[in-house]
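See structure below.
The values are calculated or read from the model by the stated rules, or taken from the named source; none is laboratory data. Not measured: the values here are computed from a predicted model. Reconstructed Cβ throughout: ideal geometry from the backbone, glycine too, with neighbour counts over all protein chains shown. These area figures cover heavy atoms from the full protein model, side chains too; ligands, DNA and RNA do not enter into them. Shrake-Rupley method; radii C 1.70, N 1.55, O 1.52, S 1.80 Å.
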Amino acid sequence: MIVGLIVACEVAFWVLLAAGLAFRYLWRMPRTGLALLLCEPLLEVVLFVVTAIDLKNGAEPDWRHGLAAVYIGFTAGLGRSTVRWADARVAHRFAGGPPPVKPPKYGTARAVHEWKVAGRWILSALVALALLQGAAWYVGDDGDTGSLRAWQLRMVWVIGINVVIAASYTLFPRLPEATEAADASERER
């Protein structure tokens, strides 16, 4: 049941996103579109409540409960940036908005961008870690929390990988190639 609800929440996320953007830009009803976009967090609340009820009713915590916590964490950390990403593209394509800003390619600006991306992923993993810890405490010492602990370890890996990626852009910044630098300086003249 939990996995089906996670899939339903994911599908509903994209349906609400598409509907919200359609109302905002295609049908010129920005308030209705905003209302639909603001319904997105309700999906996570429903998933959280159903998962808590399932555990309260005596279900053994397993990978499904861990996946629910991870899904909620990642939606909390990455959902807003996903909505903004889609909004910028739809506004440009259908409402004459400015072209979406592309991430910087080189140097310190790229490193800062990568740290911001890593920050969103780290926030997602931290929310998931907190929910997993809460579930482990909720189950208590009587239940088997091994699957929840396994998900926590995965979240620590997610944090570590994102730190390594962002740090690599800081320690080894990508520099423009000589031909690109020459072209850029020539355009400035």
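With r as the distance between the Cβ atoms of Trp85 and Trp137 and R0 = 41 Å, compute the FRET efficiency 1/(1 + (r/R0)^6) and round to 0.05. So the FRET efficiency works out to roughly 0.70. Taking the range 123-148 and a reference point 7 angstrom along Cα→Cβ of Lys56, the backbone N atoms nearer than 20 Å belong to 131-144.
Show me the ranking of peptides 125-136, 164-175 by mean Cβ neighbours inside 10 Å, starting with the highest. Please list the in-between numbers first.
Details: 125-136: 20.7, 164-175: 13.4.
Those peptides, ordered most packed to least, come out 125-136, 164-175.
The alpha-carbon of Lys116 sits under 17 angstrom from the alpha-carbons of these lysines, leaving out residues fewer than 8 places away in its chain: Lys102, Lys105. In the frame of its principal axes, the range 1-64 has Cα extents of 48, 16, 12 Å, reported largest first.
Rounded to 0.05, the FRET efficiency of the Trp14 and Leu123 pair, given R0 = 25 Å and the Cβ-Cβ distance, is 0.75. Accessible area per residue for the range 78-181 is 65 Å², calculated with a 1.4 Å probe on protein heavy atoms, without ligands, DNA or RNA. Helices of the chain meeting both criteria, an alpha-carbon length of 27 angstrom or more along the long axis and an average Kyte-Doolittle score not below -0.5, with helices taken as full DSSP H segments, are 2-21, 63-95, 107-139, 146-171. One compactness figure for the chain is 1.30, namely its Cα radius of gyration divided by 2.2 N^0.38 Å.
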